[in-house]
Amino acid sequence: MGTVERREVSRAGEAAQDRRPQQRYQRSLWVEEPARRRRLPDPVRTAAVRSVLVIALTLLQAMTAVLCTMAGSWLAFPMVIGSVVSTIVATWSVLDVWVTRQVWNQRHGVVSVPSSTARALRRERRRARREARAAERAQERIRRRGGAGRLSHP
């Protein structure tokens with residue numbers, strides 16, 4: 001393309017921009033999106049963070065033990081012993097996350113959908129018990145009145 005053609009193309013582009021209404025809008029820095037999964041309960045999240053920190057320290061300690069061993073440092077033996085102990089603690093912390101999650105689910109109930117069969121059955125049983133208690137109270141009221149209010153007496 002020659003310089004004359006380029007000028008014509010750029011002028012055509014400028015003319016197209018002039019015809020467009022000037023719209024200035026502020027773009028936000030980020031767009032909020034709904035979370036894909038529910039947030040972990042606080043106790044479970046705390047245990048998980050603690051576990052990640054312990055695992056990170058364990059890996060760091062194991063790497064230091066390997067490097068000290070390769071360098072022939074006197075610090076190698078204490079670091080290896082510390083790594084073994086730290087591995088046991090890291091395993092314990094992962095189990096703590098699992099147990100905390102199980103306990104939380106047991107105490108606060110699992111998330112159930114409205115079509116849950118168990119929830120519907122519990123609702124039916126509660127409704128039947130409520131109706132039975134109401135009928136029993138009504139019978140007791142009738143007995144206390146001595147039959148008053150009935151249309152016929154036996």
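The values are calculated or read from the model by the stated rules, or taken from the named source; none is laboratory data. Keep in mind that what you see is a predicted model, and the values were worked out from it rather than measured. FYI the Cβ positions are ideal-geometry reconstructions off the backbone, even for glycines, and counts take in every protein chain you see.
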Starting from segment 108-132, keep only residues that are within 27 Å of residue 39 (Cβ to Cβ), then list their pairs with residues that are surrounded by 10 or more Cβ atoms within 10 Å (Cβ to Cβ) and modelled with pLDDT of 90 or more whose Cβ atoms are within a distance under 9 Å, requiring at least 6 positions of separation or different chains. none
Looking at segment 47-63 only, could you name the residues that are surrounded by 17 or more Cβ atoms within 10 Å (Cβ to Cβ) and over 14 Å from residue 96 (Cβ atoms)? 58, 61, 62
Is it the case, given these coordinates, that residue 66 is in a loop (DSSP other than H, G, I, E, B) and of a type in the set (A, V, I, L, M, F, W, C)? no
Looking at the structure I just gave you, is residue 98 of a type in the set (Phe, Trp, Tyr), without any contact (Cβ under 8 Å) to a residue 24 or more places away in the chain and not in a helix (DSSP H, G or I)? no
Counting just the residues of segment 105-149 that are among the hydroxyl-bearing types (Ser, Thr, Tyr) and surrounded by 10 or more Cβ atoms within 10 Å (Cβ to Cβ), which one comes out modelled with the lowest pLDDT? 112
Considering residues of segment 72-104 that are more than 13 Å from residue 43 (Cβ to Cβ) and among the aromatic types (Phe, Trp, Tyr) only, the residue modelled with the highest pLDDT: 92
Suppose the filter is in contact (Cβ under 8 Å) with a residue 60 or more places away in the chain and either surrounded by 10 or more Cβ atoms within 10 Å (Cβ to Cβ) or over 30 Å from residue 51 (Cα atoms) (or both); does residue 92 pass it? no
